[in-house]
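Below: one structure, written as structure tokens.
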Amino acid sequence: MTTHSGVAVVGSANMDILFTVDRVPSPGETLLAESVALHPGGKGLNQAVAAARAGAVTTFVGALGRDSHGNQLAAVLTEDGIVDTLVRRVDEATGQAFIVVDGRGENTIIVASGANSSVVALTDDDRAAIAASSVLLLQLELPVGVVLAAAKFARSVGTTVMLNAAPAQPLAPELLESLDYLIVNEHEACLIAGSDDLSVASATLASLVGRVIVTLGSQGSALFDGGIEVGMVPALKVTAVDTTGAGDTFCGAFAAAIAEGRELAEAATFGTTAAALSVQRVGAVPSIPSRESIDAVLE
Ligand code: ATP
Ligand code: RIB
């Protein structure tokens with residue numbers, strides 16, 4: 001019998017170029033930023049860091065360019081103790097995200113995928129890492145073909161499959177059928193289900209995937225299991241300065257909690273606490289909390 005442990009993330013890595021502004025400019029308008037900074041990011045990397053900081057042995061499968069951004073992101077993986085032997089270094093620019101955060105902490109993001117686009121197939125070593133993990137955590141910043149291949153393979157070897165369907169795009173039935181967990185925000189839920197009504201969209205998704213979590217920003221999240229809503233996890237009341245990566249922090253911490261055997265609601269509470277800590281700090285990776293700080297709030 002195969003032993004599964006830890007979390008494998010097959011996903012993107014980006015250098016985030018974060019502009020802080022009072023308000024988002026209108027079309028045709030030029031604004032002066034209050035500040036600009038570079039931070040490690042990318043949904044895959046953020047979720048891997050969140051899982052690792054939450055205490056899971058974490059493996060990252062993705063691609064970085066042979067440039068300075070790639071070197072900086074590789075250093076993050078090392079510093080966080082993430083297994084990085086499956087990371088490809090390729091002759092394309094490391095992924096970049098242009099992020100604008102306004103005075104209310106809301107963000108707008110444009111991603112240039114670069115090296116992330118080169119991850120089009122899994123290697124035998126990637127498959128072995130997925131097979132050895134308890135949880136495979138996926139997002140939609142890699143080519144969707146490799147996301148589907150990873151999900152189907154994980155399913156075939158008994159690894160729990162989680163998809164954070166971000167950025168939003170319609171999902172093939174074949175991909176939905178391969179999932180154990182689907183994690184979406186309101187916008188993603190409506191787009192994937194093809195309904196503007198969040199209740200209808202959530203019910204549709206819950207009929208297609210065993211467990212669904214719809215995250216609701218400062219309202220928390222709604223949990224669905226076996227086609228029915230089983231509860232709400234309220235968000236913590238905190239002052240958000242930058243919500244970039246809140247969803248990623250939730251997903252990574254949630255995956256770590258499921259990998260260590262926690263039940264749905266308990267794992268969601270753990271992820272919610274991690275996300276609440278993250279929104280109180282600027283940047284994606286810099287804002288992701290440690291296991292100790294999550295446990296301190298929960299206690
Ligand atoms: P993002 O794209 O900004 O990373 P998202 O849209 O994927 O996030 P959200 O629903 O905004 O996901 O947030 C994910 C979780 O983070 C929420 O379920 C909640 O627990 C937490 N969270 C988000 N915003 C806040 C906030 N302002 N205060 C407290 N918790 C928050
Ligand atoms: O979810 C936040 C992430 O989305 C950022 O770190 C950015 O890189 C984009 O991928």
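The values are calculated or read from the model by the stated rules, or taken from the named source; none is laboratory data. In this text the structure is predicted, and so the values were computed from the model without any measurement. Glycine gets a Cβ as well: all are built from the backbone with ideal geometry, and neighbour counts include every protein chain shown.
The listed residues are Asp67, Asp125, Asp84, Asp91, and the only one of them that is crowded, with 18+ Cβ neighbours inside 10 Å, of a type in the set (D, E, K, R) and more than 16 Å from ligand 1 (Cβ to nearest atom) turns out to be Asp84.
Take the residues of region 164-187 that are touching a helix residue (DSSP H, G or I) at 6+ places or on another chain (Cβ under 7 Å), without any contact (Cβ under 8 Å) to a residue 60 or more places away in the chain and within 16 Å of ligand 2 (Cβ to nearest atom): which is farthest from Ala206 (Cα to Cα)? Looking at residues that are touching a helix residue (DSSP H, G or I) at 6+ places or on another chain (Cβ under 7 Å), without any contact (Cβ under 8 Å) to a residue 60 or more places away in the chain and within 16 Å of ligand 2 (Cβ to nearest atom), I get Ala168. Restricting the search to helices (runs of 4 or more DSSP H) fully inside region 43-156 and requiring at least 2 residues that are β-branched (Val, Ile, Thr) and touching a residue at least 12 places away in the same chain (Cβ under 8 Å) gives 144-156.
Do you know which residues across region 19-42 are more than 9 Å from ligand 2 (Cβ to nearest atom), assigned to a strand (DSSP E or B) and out of contact with any Ser or Thr (no Cβ under 7 Å at 6 or more places or on another chain)? Reasoning before the result, please.
We begin by selecting, within region 19-42, every residue more than 9 Å from ligand 2 (Cβ to nearest atom); these are 19-38.
In the following step, the residues that additionally are assigned to a strand (DSSP E or B) were identified as 19-20, 35-38.
Those that are more than 9 Å from ligand 2 (Cβ to nearest atom), assigned to a strand (DSSP E or B) and out of contact with any Ser or Thr (no Cβ under 7 Å at 6 or more places or on another chain): Phe19, Val36, Ala37, Leu38.
Inspect all residues belonging to region 280-293 and state whether any of them is assigned to a helix (DSSP H, G or I), over 30 Å from Gly103 (Cβ atoms) and free of Cβ contacts under 8 Å to residues at least 60 places away in the same chain. Yes. Restricting Glu263, Glu229 to those that are over 15 Å from the mean Cα position of the chain (by Cα) and free of Cβ contacts under 8 Å to residues at least 24 places away in the same chain reduces the list to Glu263. Within region 216-226, the set of residues being free of Cβ contacts under 8 Å to residues at least 40 places away in the same chain and within 15 Å of ligand 1 (Cβ to nearest atom) comprises Leu216, Gly217, Ser218, Gln219, Ala222, Phe224. Checked against the criterion of being closer than 29 Å to Ala276 by Cβ, surrounded by 20 or more Cβ atoms within 10 Å (Cβ to Cβ) and not polar (S, T, N, Q), the candidates Ile130, Ile192 yield just one match: Ile192.
Here's the yes/no breakdown for (1) part of a helix (DSSP H, G or I); (2) surrounded by 15 or more Cβ atoms within 10 Å (Cβ to Cβ); (3) within 16 Å of ligand 2 (Cβ to nearest atom):
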| position | (1), (2), (3) |
| --- | --- |
| Val212 | no, yes, no |
| Ser218 | yes, yes, no |
| Ala222 | no, yes, no |
| Ala235 | no, yes, no |
| Thr239 | no, no, no |
| Asp248 | yes, yes, yes |
| Cys251 | yes, yes, yes |
| Ala265 | yes, no, no |
| Thr269 | yes, yes, no |
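Considering Ala75, Ala8, Ala97, the condition of being among the hydrophobic types (A, V, I, L, M, F, W, C) and in contact with a helix residue (DSSP H, G or I) (Cβ under 8 Å, 6 or more places away or on another chain) is satisfied by Ala8 alone. With respect to the conditions (1) at pLDDT 95 or above; (2) within 12 Å of ligand 1 (Cβ to nearest atom), Leu205 lacks only one, and its number is (2).
Of everything in region 100-111 that's among the aliphatic types (A, V, I, L, M) and more than 10 Å from ligand 2 (Cβ to nearest atom), which residue is modelled with the highest pLDDT?
First, pick out the residues of region 100-111 that are among the aliphatic types (A, V, I, L, M): 100-101, 109-111.
Those left that are additionally more than 10 Å from ligand 2 (Cβ to nearest atom): 100-101.
Details: Val100: 94, Val101: 88.
Per the criteria, the residue is Val100.
Check region 1-15 and report whether any residue there is at pLDDT below 95 and either assigned to a helix (DSSP H, G or I) or farther than 18 Å from Leu136 by Cα (or both). For region 1-15, residues at pLDDT below 95 and either assigned to a helix (DSSP H, G or I) or farther than 18 Å from Leu136 by Cα (or both): present.
Within region 31-48, identify whether any single residue is β-branched (Val, Ile, Thr), in contact with a strand residue (DSSP E or B) (Cβ under 9 Å, 6 or more places away or on another chain) and surrounded by 13 or more Cβ atoms within 10 Å (Cβ to Cβ), and answer yes or no. Looking for residues that are β-branched (Val, Ile, Thr), in contact with a strand residue (DSSP E or B) (Cβ under 9 Å, 6 or more places away or on another chain) and surrounded by 13 or more Cβ atoms within 10 Å (Cβ to Cβ), one finds none in region 31-48, hence no. Annotation: of all residues in region 179-201 being touching a strand residue (DSSP E or B) at 6+ places or on another chain (Cβ under 6 Å) and in a loop (DSSP other than H, G, I, E, B), the one that is farthest from ligand 1 (Cβ to nearest atom) is Asp180.
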